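Notes follow the structure.
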Amino acid sequence: MRQLLLALMLTGVSASALAGVSTQESMELVTPNQMPMKYVGYWCISEKGAERFEIYKRGKCGDSYLEIDVEGWTWHTNVDGEEGGCDITKIEKIKTAILVHSHCSGEGGSIDSQDAFQILGDELFMQHIWDEDGIQR
């Protein structure tokens, strides 16, 4: 079901009926280069799926978490203290999701990227779409 919802949000088919998302929420305005407030905060990874998407629950858990603010996000992992971040360059609204264009950097260098974000219930779905090499991840 989760993979179906992610596929629906990226193809532009409204998943709001499936997810119980109100019409008002799906019509929420998005500032072109700022993360909407409902995404801001700490998120704890709850599930990793096929290296193409991750599912988070709100909160900070130990040393591995995602920290989102209005300008971008930082990921923290307990694996060798790895840390990196992404600065938002553009945001596009896609039905009940957002497509975030960003410039990311970390210990492995830097890259331009596109990622889809959607909140369903108490979970944040993040799917990596594209990087500067034109590779869909």
* Can you run down the residue pairs with Cβ atoms below 8 Å, 6 or more apart or on separate chains, where the first is in segment 23-41 and hydroxyl-bearing (Ser, Thr, Tyr) and the partner is at pLDDT below 70? => 23/16; 26/14; 26/16
* To do: Return the residue satisfying two criteria in turn: it lies in segment 56-86 and is at pLDDT 90 or above, out of contact with any Cys (no Cβ under 9 Å at 6 or more places or on another chain) and not in a loop (DSSP other than H, G, I, E, B), and of such residues it is surrounded by the fewest Cβ atoms within 10 Å (Cβ to Cβ).
  => 69
* Kindly indicate whether residue 13 is among the aliphatic types (A, V, I, L, M) and at pLDDT 90 or above. => no
* Looking only at residues in segment 32-52 that are under 14 Å from residue 115 (Cα atoms) and modelled with pLDDT under 80, which one is nearest to the chain's Cα centre (by Cα)? -> 52
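The values are calculated or read from the model by the stated rules, or taken from the named source; none is laboratory data. Computed from a predicted structure; not experimentally measured. In this analysis, Cβ positions are derived from the backbone assuming ideal geometry, glycine residues included, and neighbour counts consider all displayed protein chains.
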